[in-house]
Amino acid sequence: MIAFIGVGALLLAANFIVEENVLVERTTQITRVAPAPAPPPSIPQPVIEPPPAVIVQRRVVTSEPLMSDLDRFERAAQGRVASKTEQSETEYQQSSSDLDTAARTFVTQATAISGKSFQKLSAGIDDYRTHAAQVLLMADHRQALIGEYSTLFEDLSARVNNSVKSAWKIFGRVVARQSLLQLSADFDDLRRGFTTLASADDAQTPDMVLLLKTEQTIVENLATNEAGFRRSQGDQWYVGMRDDVARLISLRESVLVLNKQLHGRSTDLSEEAGSLALLVPNKVETPLAAAAVKVKTVASESRGRQAPGAAPPVVAGSVVPESVVPDSAESAPAVVETQSVTTLPPPDHKKRVLIAWSSVAFFVLFFSIAVGTVLSVVRPVRRLRDATARLAKGESAVRVSRGGIKELDTLAVSFNVMADELSLAKAATHEYQRSLEAKVEERTRQLKELAERDPLTGLPNRRELFSLLNAAIERARLKGCLVGVLFLDIDNFKYLNDSMGHAFGDRVLVSLGQRLQDVTRAFGFAARLGGDEFTVVLEDAQSIDSIELAGLDVVQAFQKPLSVDGRELIVSISVGASIFPDHELDAEALLKAADVALFRAKALGRSQLSMFTPELLEAAAAKFSTEQGLRRAIERGEFELVFQPEVNAQSLQTSLVEALIRWRTPDGELATPGQFLAIAEESGLITEITDWVLRSAIEAASHWHNGAWPEARVAINVSPRDLLDNRFVDRLAELLQEFGLPAGCIELELTESVLQTGAATISALQRLRAHGVAIALDDFGTGYSSLASLEQLPLTRIKLDRSLIAGIDTNPRSAAIARAIIGMCQGLGLEITAEGVERTEQFAMLVGQPGMYLQGYLLARPVARDDVLAALPNVNAHAQQLLLRSQATASPTARSLSTLSSPGVAQAR
Ligand code: C2E
Ligand code: CA
Ligand code: CA
């Protein structure tokens with residue numbers, strides 16, 4: 001903008017200047033008149049329609065050429081003083097001659113014009129030239145001295161340098177060498193100083209001071225080391241050196257003196273030139289009175305010859321009267337001015353006004369265009385700049401209004417497109433970020449829940465339980481109240497889970513969790529530790545009784561069936577309880593105590609609540625140690641099998657022995673299954689134990705079957721859990737094959753709890769049956785659903801539990817039940833084993849029954865594998881004796897059971 005205005009102002013100014021020049025040219029015409037012939041009067045001059053002009057003609061001679069030559073001469077003289085060269089000499093000579101000519105011409109013409117005498121000026125110029133010539137002589141003399149000085153210096157320097165070079169080679173002249181080197185160095189210093197010798201006015205300049213000092217050093221060096229120099233360089237060298245140094249100094253002094261004089265004379269010359277200049281007038285002119293001659297302009301003369309209407313000449317023609325042209329031959333530098341002094345009538349005012357107005361109009365137009373252009377650029381650029389800044393700050397809604405020059409308008413459109421895209425992108429990013437944040441929030445919540453909640457039941461998990469329980473303990477500590485911890489476990493959940501599938505098991509857990517929550521809400525909270533283990537915390541309890549009551553409430557809450565998948569399901573739970581601060585003081589220990597109590601509760605049967613006692617802890621410790629021992633027992637071969645005969649009640653022969661496990665613990669004791677099998681079941685070790693039992697029993701059976709006792713059959717106790725392993729059947733088949741034992745030699749004994757393990761187990765049993773393996777239902781008469789198991793399981797034998805047999809000889813009711821069951825099994829075609837036959841009366845009542853086998857201490861205790869073959873004849877003989885004895889002491893009850901006897905029994909008898 002400023003530049004535009006500046007350019008405009010310049011144009012305006014230029015316009016005015018041009019206008020002024022036109023005006024000046026129109027008023028003053030200066031013509032330098034050379035001594036050339038005047039133009040012939042016949043040549044027509046351009047004319048304008050002029051206002052009539054009055055011209056006064058005057059003759060003028062200026063001193064300009066003279067002054068110029070004077071000045072040139074002075075510079076040439078000074079140059080020649082400074083250095084004498086061919087060029088400076090020529091220039092000096094030429095300028096001197098030119099000055100002389102110019103002076104003469106000026107004086108002649110000025111005298112002619114003015115009538116005054118310029119003698120003093122003429123003489124002054126002559127003197128001036130003479131003085132200049134004298135100064136030049138002095139300068140030349142100085143130049144000669146400097147030349148001499150230089151030559152002598154170079155000679156001295158060369159002499160010293162030569163001596164230095166020689167001295168380096170001659171060892172004997174060591175004394176002189178240092179001083180010589182010094183001398184050489186001093187001459188080098190001197191060389192630096194003497195280059196300024198020509199320009200030095202006096203000895204006070206720094207260069208001269210150094211030069212003088214160096215001279216002094218040289219003189220002193222020569223004097224001090226005279227003897228050495230004389231010895232090393234020779235007397236002639238020394239004397240020559242000393243004298244020439246003195247001469248050098250003297251030359252230098254002369255040069256300095258001349259310098260000073262020259263300086264003075266040069267100054268004088270300049271002053272003289274100044275004085276001369278004062279004598280020269282600027283110009284000399286004809287006195288006005290003498291020159292006032294009115295002349296006719298050429299224009300007015302020629303006006304008559306011009307065509308009417310032709311443009312008048314712009315400039316008035318010059319008039320050079322013949323009389324003023326000098327007729328002297330040497331008129332070269334002379335200047336004669338013819339000056340037309342116009343006393344014009346008022347100039348062409350209208351045109352000036354027109355020009356002025358057009359200038360103003362042009363300026364205004366130019367200014368408007370400039371401003372318009374600037375605004376059309378600046379405004380859109382500012383808008384774009386502001387919008388960009390706002391966009392950068394994050395205002396995505398910002399748009400630029402269009403306008404301005406085409407390129408900027410296009411830029412604005414592009415900007416808006418970009419801003420649109422940006423705001424779209426921003427919105428997308430925002431949306432993405434929002435969804436991301438929502439996801440993160442949701443994930444965080446999930447993670448928190450995962451960290452604190454059990455994902456299945458939504459109850460607090462183990463971690464959260466600990467934190468809540470710790471808080472409850474802390475509160476109880478402060479308030480002096482109690483905290484009850486209940487450890488819950490679903491009775492036989494494993495069977496339920498395995499038989500019904502894990503998905504169903506999960507839904508049972510969810511439903512159970514829900515019920516727990518409902519029950520405990522009034523006094524505390526429930527948590528899930530994992531699997532089927534739940535915990536209930538009773539906060540702020542006031543007494544042990546209240547905790548016990550709450551525990552019973554929890555147990556009883558599960559007397560009512562749960563609804564799972566629309567099915568009513570009775571799921572009983574066992575509960576162990578511990579109390580803060582009575583039993584333990586921290587969360588971990590309280591849970592452990594409740595767990596110990598739970599173990600006890602489970603041992604008591606279903607739906608039991610057991611409170612922690614220190615003894616339980618001991619039992620738990622013992623259990624733990626048993627478990628540890630069991631883990632090592634298999635590896636160490638601590639298990640043994642004993643075999644108890646089952647005697648056929650009709651033939652009184654033993655063709656079947658039941659394998660029973662024993663554990664010879666490291667301390668030498670023989671542990672019975674009752675001491676460790678429950679723990680093995682609980683810990684899962686039972687699978688490995690069964691494997692061992694199977695292999696050992698099959699190996700023994702094979703040994704007997706393929707040896708001295710071909711009809712041998714072995715009954716093996718199997719845990720329902722074993723059957724859940726779908727590899728069980730194959731493993732058994734492999735073992736039979738490995739030991740070359742027919743499947744019919746093996747009978748597996750299972751308790752009816754196998755029914756709870758579901759369809760998979762039953763199918764496994766069916767496969768076993770298909771292989772030819774016999775299946776016996778053990779401990780018949782102790783469970784609740786014995787009759788159902790008879791129907792559902794692919795059984796070959798029923799083993800009547802010892803509790804059923806125990807009273808048959810003493811209790812008519814027991815005898816009646818036994819009789820009924822035996823009759824039923826016989827009806828179903830199942831073989832029967834009566835377990836726990838301890839008395840002859842019992843024997844007497846059972847002997848002779850078809851399909852009946854007798855097992856009990858009365859007939860035989862379990863014997864070691866290696867004793868079996870030896871024991872068999874005794875067992876059989878013992879049975880015969882028992883038969884005889886029982887016949888002798890037959891009781892009415894025995895007879896009543898005997899009524900069931902078949903013809904076979906009669907035969908045996
Ligand atoms: P069970 O299958 O009922 O085995 C019979 C148990 O009764 C055996 O006890 C046996 O010694 C005992 N017994 C036999 N006759 C009499 C008697 O006249 N009077 C009394 N009071 N007891 C008698 P044991 O060997 O202690 O076995 C206990 C239980 O341990 C077995 O009961 C069986 O369920 C289990 N068991 C034994 N060995 C194994 C095994 O190898 N595997 C599995 N899974 N369980 C086994
Ligand atoms: Ca058994
Ligand atoms: Ca049994």
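Here is a yes/no grid of residues against (1) aromatic (Phe, Trp, Tyr); (2) modelled with pLDDT of 95 or more; (3) away from ligand 3 (no atom under 16 Å from the Cβ); (4) farther than 23 Å from Gln855 by Cβ:
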{"site": "Glu752", "(1), (2), (3), (4)": "no, no, no, no"}
{"site": "Gly758", "(1), (2), (3), (4)": "no, no, yes, yes"}
{"site": "Thr761", "(1), (2), (3), (4)": "no, no, yes, yes"}
{"site": "Ala776", "(1), (2), (3), (4)": "no, yes, no, no"}
{"site": "Gly781", "(1), (2), (3), (4)": "no, no, no, no"}
{"site": "Leu793", "(1), (2), (3), (4)": "no, no, no, no"}
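The number of residues in the range 636-646 being assigned to a strand (DSSP E or B) and either surrounded by fewer than 20 Cβ atoms within 10 Å (Cβ to Cβ) or in contact with a Cys (Cβ under 6 Å, 6 or more places away or on another chain) (or both) comes to 3.
Restricting Ala594, Ala633 to those that are in a helix (DSSP H, G or I), more than 57 Å from the chain's Cα centre (by Cα) and among the hydrophobic types (A, V, I, L, M, F, W, C) reduces the list to Ala633.
If you check Leu478, Leu516, which single one turns out to be closer than 16 Å to Gly551 by Cβ and not in a strand (DSSP E or B)?
After applying the criteria, what remains is Leu516.
Would a scan of the range 517-538 turn up a residue that is of a type in the set (Phe, Trp, Tyr) and out of contact with any Gly (no Cβ under 8 Å at 6 or more places or on another chain)? Scanning the range 517-538 turns up at least one residue that is of a type in the set (Phe, Trp, Tyr) and out of contact with any Gly (no Cβ under 8 Å at 6 or more places or on another chain).
Each residue in the range 647-659 was checked for being surrounded by 18 or more Cβ atoms within 10 Å (Cβ to Cβ) and not in a loop (DSSP other than H, G, I, E, B), and 7 pass. Glu831 meets the conditions (1) loosely packed, with under 15 Cβ neighbours inside 10 Å; (2) within 15 Å of ligand 2 (Cβ to nearest atom) in every case but one. The failed one is (1). State whether the residues of the range 756-764 include one that is within 15 Å of ligand 2 (Cβ to nearest atom), buried (at least 21 other Cβ atoms within 10 Å of the Cβ), touching a residue at least 24 places away in the same chain (Cβ under 8 Å) and over 21 Å from Trp692 (Cα atoms). Among the residues of the range 756-764, not one is within 15 Å of ligand 2 (Cβ to nearest atom), buried (at least 21 other Cβ atoms within 10 Å of the Cβ), touching a residue at least 24 places away in the same chain (Cβ under 8 Å) and over 21 Å from Trp692 (Cα atoms), which makes the answer no. Out of the residues in the range 783-802 meeting the condition of being in contact (Cβ under 8 Å) with a residue 24 or more places away in the chain and hydroxyl-bearing (Ser, Thr, Tyr), tell me which one is farthest from ligand 2 (Cβ to nearest atom). Result: Ser785.
Which residues, taken from the range 666-682, are farther than 13 Å from Asn717 by Cβ, surrounded by 16 or more Cβ atoms within 10 Å (Cβ to Cβ) and not hydrophobic (A, V, I, L, M, F, W, C)? Passing the criteria: none in range. For Val257, the criteria (1) surrounded by 18 or more Cβ atoms within 10 Å (Cβ to Cβ); (2) within 30 Å of Arg129 (Cβ to Cβ); (3) of a type in the set (A, V, I, L, M) hold in every case but one, which is (1).
Note on the range 825-841: among residues that are outside any loop (DSSP other than H, G, I, E, B) and at pLDDT 95 or above, the one that is nearest to ligand 3 (Cβ to nearest atom) is Thr833. Among the residues of the range 802-819, those that are surrounded by fewer than 19 Cβ atoms within 10 Å (Cβ to Cβ), within 12 Å of ligand 1 (Cβ to nearest atom) and either under 60 Å from the mean Cα position of the chain (by Cα) or of a type outside the set (S, T, N, Q) (or both) comprise Arg802, Ala806. All conditions in (1) assigned to a loop (DSSP other than H, G, I, E, B); (2) more than 13 Å from ligand 1 (Cβ to nearest atom) hold for Ile822, with the sole exception of (1). Filtering the range 95-104 for residues that are closer than 26 Å to Leu256 by Cβ and touching an Asp or Glu at 6+ places or on another chain (Cβ under 9 Å) leaves an empty set. When the range 508-557 is filtered for residues that are among the hydroxyl-bearing types (Ser, Thr, Tyr) and either touching a residue at least 60 places away in the same chain (Cβ under 8 Å) or farther than 21 Å from Arg462 by Cα (or both), the ones remaining, listed by number, are Thr535, Ser543, Ser546.
Give the residues of the range 442-478 that are within 15 Å of Leu585 (Cα to Cα) and touching a residue at least 60 places away in the same chain (Cβ under 8 Å), sorted by residue number. The answer is Phe466, Leu468, Leu469, Asn470, Ala472, Ile473, Arg475, Ala476, Arg477. Of the listed requirements (1) among the polar types (S, T, N, Q); (2) under 23 Å from Gln756 (Cβ atoms); (3) outside any helix (DSSP H, G or I), Gln556 misses just one: (3). Tell me which residues, restricted to the range 602-624, are in contact with a Phe, Trp or Tyr (Cβ under 9 Å, 6 or more places away or on another chain), crowded, with 22+ Cβ neighbours inside 10 Å and either hydrophobic (A, V, I, L, M, F, W, C) or more than 19 Å from Val483 (Cα to Cα) (or both). Scanning the range 602-624 gives a single hit, Leu616. What residue, among those in the range 711-754 that are acidic (Asp, Glu) and more than 16 Å from ligand 2 (Cβ to nearest atom), is farthest from the chain's Cα centre (by Cα)? Among residues in the range 711-754 that are acidic (Asp, Glu) and more than 16 Å from ligand 2 (Cβ to nearest atom), the one farthest from the chain's Cα centre (by Cα) is Glu711. The set of residues in the range 714-752 that are surrounded by fewer than 20 Cβ atoms within 10 Å (Cβ to Cβ) and in a strand (DSSP E or B) contains only Glu749.
The values are calculated or read from the model by the stated rules, or taken from the named source; none is laboratory data. Remember, it's a predicted structure, so these values are computed and weren't measured experimentally. With ideal geometry, Cβ positions are generated from the backbone for all residues, glycine too; neighbour counts draw on all protein chains shown.
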